[in-house]
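Undergrad: One structure, pasted below without further comment.
The values are calculated or read from the model by the stated rules, or taken from the named source; none is laboratory data. Note that the structure is a prediction, hence the values are computed from the model and not measured. When we count neighbours, we look across all protein chains shown, and the Cβ atoms used for this are built from the backbone with ideal geometry, even at glycine.
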Amino acid sequence: MLVLAMATSFGAVFFYDNPAALMTEFREVLCGGSLERYLLLYTVYALPNSVLPFFGGYITDTFLGISRAPAFFTAFIALGSGIVAFGVALTSTTEGSLPFNIVLFGRAVYALGGENMAVGVNAIVARWFKGRGLCTAYGVTLTFSRCGSAAAFSLMPALASSYGFASAVTVTTVVCLASFVAALVLWKVDVWGEEAEMVEESAPADDVSLSDIKGALGRRVRLLYLICPLLYIPVQTFISTAPEFFEKEFELDSQTAAQMAGLPYLISAVASPLFGLVADKLGRPVVFVLCSAIGLTVVHALAAIRMIQPVPMIWCMGILFSVACATLWTMLPLLVPERNLGTAYGIMTAMQNLGLGLAPIIVGAVSKPEYLFTACALGAVCCSMALLGMELDQQGGDLMLPSAKSSELVRATRIAQSFRKSERLLQEKTAP
């Protein structure tokens, strides 16, 4: 199941990084050398996805069901990649802005599926691995997504150099189609798991109402929605500005600064499964998130007063980011009923994208962005402490259970669900 989930996600990540991996070709051949047009290829994806994941999660819970959602949204990704390949192919025969407009439309179609597919896959991973290695499973999927980015940057330039721009982009369409096939298989395997009573049945709701999202809006869950962007901004937004920061404040050359900026992602790709394994053994994921937030606050505060060097700063950031990635998203299944899980992941993804979309604008408007990153990390500390306080008030809430006890509760819940299902079937058979 985990292999199928990773294969389903691979095409979306590979496709997303195409313009960056082939920046010269996209900018010079497709965009006529215009940087604004080139950046628009990313903007058309980023802006809608500050809202779309909420609706995608809601549709998953109320219309599609968790099983079908990844295949449905992966179809948009495959279609978008095909439209982009068609637009790129036209650059050799058509002048003017038509090829660019077609490619831009293809990226917009891709935006309809990209984050929504991730919401569906996250929900499936959560229902299969809740109580049995969920943090490790998320860490592994994160590592594989980093591999999708690495594959794009490694393979696409070589393919474009050997076979041409259009042929290289066509390969992306083939990869996305393969991910769509994986999503179809994932759908069938998940249905089989329901029939075998390995996971809870996830049929879409019969009566669709906005009141159905109440299960995804509890007090503790709302704190998670805030923690997510507050943790990601000090890492991902900082990384986007880190080369300039290192060049200006530490007098590094541009190549070294760029290499340093990319290290946190490499570190998290290796370390996230390891921290996920530790979190699965110990439980209490809220403590891991709190420690990550405190660490990021300290790192950025030291950077703001120039009391930390780039190498230890980047290594600390990569490790702390790994801790957050391996545990933050795994808390939702512990707090949200499975029938609302798609909506919850959708809201959290939308909040993350909204924060990451607004943060660069604020960074560009302030003279000392290090203080912004420190403030965001400190905000994550405050929210995490509030969440921890709620758990302690409950004398051992869902986020403070040791791993073994959490697994026992999950098994007991599944047994009770199986019993209720058998009882319902018996009543249907004996009904007049």
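Undergrad: Across segment 140-159, which residue is farthest from residue 324 (Cα to Cα) among those that are crowded, with 20+ Cβ neighbours inside 10 Å and at pLDDT 80 or above?
TA: Filtering segment 140-159 for residues that are crowded, with 20+ Cβ neighbours inside 10 Å and at pLDDT 80 or above, the one farthest from residue 324 (Cα to Cα) comes out as 156.
Undergrad: Would you be able to say whether some residue in segment 276-285 is crowded, with 23+ Cβ neighbours inside 10 Å and under 19 Å from residue 53 (Cβ atoms)?
TA: Checked segment 276-285: no residue is crowded, with 23+ Cβ neighbours inside 10 Å and under 19 Å from residue 53 (Cβ atoms).
Undergrad: Okay, moving on. Scan segment 60-74 for residues that are assigned to a loop (DSSP other than H, G, I, E, B) and surrounded by fewer than 21 Cβ atoms within 10 Å (Cβ to Cβ) and report the count.
TA: So the answer is 1.
Undergrad: Specify which of the listed residues (352, 309) is closer than 30 Å to residue 366 by Cα, at pLDDT 85 or above and under 17 Å from the mean Cα position of the chain (by Cα).
TA: Just a single option satisfies the conditions, and that option is 352.
Undergrad: Against the definition (without any contact (Cβ under 8 Å) to a residue 24 or more places away in the chain, surrounded by fewer than 22 Cβ atoms within 10 Å (Cβ to Cβ), assigned by TED's automatic domain parsing to the domain that holds residue 246 and among the β-branched types (Val, Ile, Thr)), how does residue 311 come out, yes or no?
TA: Answer is no for this residue.
Undergrad: Just for segment 17-38: of the residues that are assigned to a helix (DSSP H, G or I) and among the acidic types (Asp, Glu), which one is surrounded by the fewest Cβ atoms within 10 Å (Cβ to Cβ)?
TA: At the first step, the residues of segment 17-38 found to be assigned to a helix (DSSP H, G or I) are 18-21, 23-30, 35-38.
Among the residues that remain, those that are also among the acidic types (Asp, Glu) are: 25, 28, 36.
Numbers: 25: 23, 28: 13, 36: 8.
Per the stated criteria, the residue is 36.
Yes/no per residue for (1) more than 23 Å from residue 368 (Cα to Cα); (2) modelled with pLDDT of 85 or more; (3) small (Gly, Ala, Ser); (4) in the same structural domain as residue 333 (by TED's automatic domain parsing):
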site: 212; (1), (2), (3), (4): yes, no, no, no
site: 223; (1), (2), (3), (4): yes, yes, no, yes
site: 232; (1), (2), (3), (4): no, yes, no, yes
site: 244; (1), (2), (3), (4): no, no, no, yes
site: 252; (1), (2), (3), (4): no, no, no, yes
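Undergrad: For segment 319-344, name all the residues that are closer than 22 Å to residue 265 by Cβ and either crowded, with 22+ Cβ neighbours inside 10 Å or outside the structural domain of residue 288 (by TED's automatic domain parsing) (or both). Quick ask: steps written out before the conclusion?
TA: Initial filter on segment 319-344 (closer than 22 Å to residue 265 by Cβ): 319-330.
320, 321, 322, 323, 324, 325, 326, 327, 328, 329, 330, listed by residue number.
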